[in-house]
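> The following block contains the structure, expressed as structure tokens.
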Amino acid sequence: MYNRSFTYQIIIMYMRRVFSVFLISAIVFFSGCDELRHLVEQAPGSRPLTQEEVVRGLKEALRVGTDSASLRLAALNGYYGDALVRILLPPEAEVITRNLSMLPGGDRLVEDVVLRINRAAEDAARDVAPIFARAITSMTIADGFAILRGEKDAATQYLHGRTYRDLFGLYQPKIGESVRKPLVGNVSTAEAWNTLTSRWNEVANTMAGRLANLQPVHVDLESYLTGKALDGLFLKLAIEEEKIRTDPVARVTDLLRRVFGSQTGG
């Protein structure tokens, strides 16, 4: 005989089991969501960056970049041993170097001049930190966002515009001292250069020189070599900046990872 009451009991028990399974699944699911939400909220970059964080991150990036670039160049052979930044005499000095190379030991003499110039630049690179620090400290919020959203060398260009004059004043005396040291016959590189260019210009400014389209040379040796040394410094700085912008490994602090990760998604 059909027992309706028994059937109802079975249905109720089944529904209770289904509901229990559903309830447990729901608890696990929503607990998992809460945990996931917590992880997302704690993940670097999940919270919008404040203006202060952007500026602090950019200042930190500039400190890291300038320290790394200057330390590399200040090391022994930082300039001299690196083909990218090695400082050479101006192309117009070829006449000097060619004539010196004809003398016994002349090639070695020319190389010694180049070595001393580069050593002077390496010495100057040890003292650039305070100059860069002043420019970094004065960075505004507008500067920070312009750098963050700018070209891959925007930070380098920012520092170039604010430090070049002071850096020139730091480097030039050291390089000038190097080129003024006496060489063969007690004549320095600077004296030889001035003699060469003055004589060349006398010829270039004659009627025959103008007809031959000879161009006078107006290159201040110390200024030229100082400019080349600073070109090398900012080249190295641009390389360090690009690393921080593109390579997560180069972002050595949490703040750098947060600020620059927000731009690259990494």
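> If each of D231 and R98 carries a label point 7 Å out from its Cα toward its Cβ, how far apart are those two points in nm?
Simple spin-label model gives 2.2 nm for this pair.
> Sticking with this one: Can you work out the Karplus-derived ³J(HN,Hα) for every residue in the stretch 114-130? Use 6.51 cos²θ - 1.76 cosθ + 1.60 with θ = phi - 60°, whole Hz, and x for glycine or proline.
3J(HN,Hα) across the stretch 114-130, in whole Hz: 4, 4, 5, 4, 5, 5, 5, 5, 4, 5, 5, 4, 5, 10, 7, 3, x.
> Give the cross-link partners of K59 among the lysines, using a straight C-alpha distance below 18 Å as the criterion and excluding same-chain residues fewer than 8 apart.
Those lysines meeting the cut-off are K152, K236, K243.
> Report the gain in length on full extension from A129 to E53: 0.36 nm times residue separation, minus Cα-Cα distance, nm rounded to one decimal.
Working: separation 76, 0.36 × 76 = 27.36 nm, distance 2.29 nm.
Fully extending the segment from A129 to E53 adds 25.1 nm.
> Amide H of S188 versus every other amide H placed in the peptide plane: which residues, excluding those fewer than 5 positions away on the same chain, fall under 5 Å?
Under 5 Å from the amide H of S188 lie the amide H atoms of L183, each far enough along the sequence or on another chain.
> Additional query: At a 10 Å Cβ-Cβ cut-off, how would you order T97, T156, T197, fewest neighbours first? Intermediate results must be reported in sequence, preceding the final value.
On the way: T97 17, T156 25, T197 22.
In increasing order of surrounding Cβ atoms, one gets T97, T197, T156.
> By per-residue mean of other Cβ atoms within 10 Å, what is the highest-first order of 190-196, 240-246? Before the final figure, lay out the partial values.
Details: 190-196: 16.6, 240-246: 20.0.
With the highest mean Cβ count within 10 Å placed first, the list reads 240-246, 190-196.
> Around A75, what is the net charge, scoring Lys/Arg as +1 and Asp/Glu as -1 over all other residues with Cβ under 15 Å from its Cβ? Don't jump to the answer; show the numbers that get you there.
Working: positive: R72, R86, R119, R126, K236; negative: D67, D82, E122, D123, D127, E240.
In short, -1.
> Read phi for every residue in the stretch 73-90 and hand back ³J(HN,Hα) as whole Hz from Karplus 6.51 cos²θ - 1.76 cosθ + 1.60, θ = phi - 60°, with x for Gly and Pro.
Couplings: 6, 6, 5, 4, 6, x, 8, 4, x, 10, 4, 5, 10, 4, 8, 10, 5, x Hz.
> Let me ask something else about it. Using a 10 Å cut-off around each Cβ, can you sort H218, H160 from fewest to most neighbouring Cβ atoms? Mind showing how you got there, number by number?
Values: H218 8, H160 17.
Least to most surrounded, the residues fall as H218, H160.
> Moving to a separate point now. By the scheme Lys and Arg +1, Asp and Glu -1, what is the net charge of all other residues having a beta-carbon under 13 Å from that of E242? Walk me through the numbers on the way to the answer.
Details: positive: K152, K236, K243, R245, R251; negative: E151, D153, E240, E241, D247.
Charge balance in the 13 Å sphere: 0.
Computed from the coordinates by the stated procedures, all read-outs in this text should not be read as laboratory data. Values in this document were obtained by computation on a predicted structure and should not be read as measured data. Glycine also receives a Cβ, built like all others from the backbone with ideal geometry; neighbour counts cover every protein chain displayed.
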